[in-house]
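The values are calculated or read from the model by the stated rules, or taken from the named source; none is laboratory data. Since the structure is predicted, the reported quantities are computational estimates derived from the model, not experimental observations. Ideal geometry is used to build each Cβ from the backbone, glycine not excepted, and the neighbour counts take in all protein chains shown.
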Amino acid sequence: MKKSIRIGRAPVDPQTPSISAHDGSLSCPKPWDALEATATPGIRYCSDCGKNVFQVNTTEEVREAGLLERCIAIADDSAHARAHDSATNTHDTRPMTPPNRIHFAGNPWPEGHPVKEFRWTASVRNNEVWFDLHLRSEDYDAEREIDEPEDEDIDYPSDWDAPGVWTNYHRCTLSSTAWGDGGGFAVCALSDFSLAHIDGLEVSIDLPPPEDMEDNVFHIYLLGHDAAAHHRIRFDRIAGTDRFDITWTGKIALAYAGDYTYKYDFSARLHNVEAPRIPA
């Protein structure tokens, strides 16, 4: 029997009961098969509303899409739907384990890239707790090399679409500490800080971005020294531990190539990250 796929705007909080794949909340009447195929597997285009629709499977992907205000397609037999049904019927305590990966929407690797290094640190300034984050990916082609024909001159729409441009710059570093003294972002008053306080915390950073990209909280080396802003970062505590799952989304401008518009989406999922210790 053909599986059912529901389509609609992703919720920011996929834990609420209204996000079952087969209830009425994903209420777009247009079927997945009627959407226009794109060059990226799992992404189709809706000509009615002029938006891309992203096929998702897990609860983490639903949340990520909600943060990016995306339309999604999700099947009745997805991991998210199974987890929802288990929670509704026979509470399933098995944790979902998302990979530590970073995705750059529409680049030549729709499967994303492994995260090689991630650091979450904290400091105290003027009786406030501040966080810094540092992420470095594996080489872009670490898991899958893309062979381009040597005898063909392929005219890619932009550097973003060209595998050779990506591999020329090797890997990504996205960090509030790698360049300069480290700025970071304020979280709460020191007296309010606790693991319970962080649980479910979602912060927006450089939204809107500063006029001067040098003032951005996070700097990025992607296809050269580019710019990152419009960050949304969520911290979800793993029950009974001092560890967290972190969802991080934002937008990139290819500033190194002279394009200063934040029009490229990125998303990262980090699993089982130890919370930082607050300096005495």
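Please return the ranges of strands (runs of 3 or more DSSP E) entirely within the stretch 194-269 where 3 or more residues are in contact with a Pro (Cβ under 8 Å, 6 or more places away or on another chain) and within 17 Å of TYR169 (Cα to Cα). Give the steps one after another, and end with the answer.
On the way: elements: 201-205, 219-221, 225-237, 243-253.
So the answer is none; nothing clears 3.
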Legend entry - Residues of the stretch 122-178 satisfying the condition of being among the aliphatic types (A, V, I, L, M) and touching a strand residue (DSSP E or B) at 6+ places or on another chain (Cβ under 7 Å): ALA122, VAL129, LEU133, LEU135, ALA142, LEU174, ALA178
Inset, instruction - Considering each residue of the stretch 249-266, count those that are in contact (Cβ under 8 Å) with a residue 60 or more places away in the chain and closer than 12 Å to ASP159 by Cβ, and give that number. - result: 4
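Considering only the stretch 174-190, I want to know if a residue exists there that is part of a helix (DSSP H, G or I) and within 21 Å of ASN126 (Cβ to Cβ).
yes
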Inset, instruction - Kindly list the number of the only condition in (1) assigned to a helix (DSSP H, G or I); (2) without any contact (Cβ under 8 Å) to a residue 40 or more places away in the chain; (3) aliphatic (A, V, I, L, M) that fails for VAL165. - result: (2)
Inset, instruction - Collect the residues in the stretch 184-202 that are exposed (fewer than 15 other Cβ atoms within 10 Å of the Cβ) and either under 16 Å from ASP215 (Cβ atoms) or polar (S, T, N, Q) (or both), keeping them in residue-number order. - result: ALA186, SER191, SER194
Inset, instruction - Return the only residue of ALA186, ALA229 being touching a Lys or Arg at 6+ places or on another chain (Cβ under 7 Å) and either over 21 Å from VAL129 (Cβ atoms) or assigned by TED's automatic domain parsing to the domain that holds GLY112 (or both). - result: ALA229
Legend entry - Tally of residues being surrounded by 18 or more Cβ atoms within 10 Å (Cβ to Cβ) and either among the aromatic types (Phe, Trp, Tyr) or farther than 17 Å from HIS103 by Cα (or both) across the stretch 32-43: 1
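If you take the residues of the stretch 214-229 that are out of contact with any Ser or Thr (no Cβ under 8 Å at 6 or more places or on another chain) and crowded, with 19+ Cβ neighbours inside 10 Å, which of them is modelled with the lowest pLDDT?
ASN216
Among residues belonging to the stretch 203-213 that are touching a residue at least 24 places away in the same chain (Cβ under 8 Å) and loosely packed, with under 14 Cβ neighbours inside 10 Å, point out the one that is nearest to the chain's Cα centre (by Cα). Full working, then the answer.
Looking only at the stretch 203-213, we keep the residues that are touching a residue at least 24 places away in the same chain (Cβ under 8 Å), and these are 203-207, 209, 213.
Filter again for loosely packed, with under 14 Cβ neighbours inside 10 Å, leaving 204, 207.
Numbers: SER204: 13, LEU207: 16 Å.
This residue is SER204.
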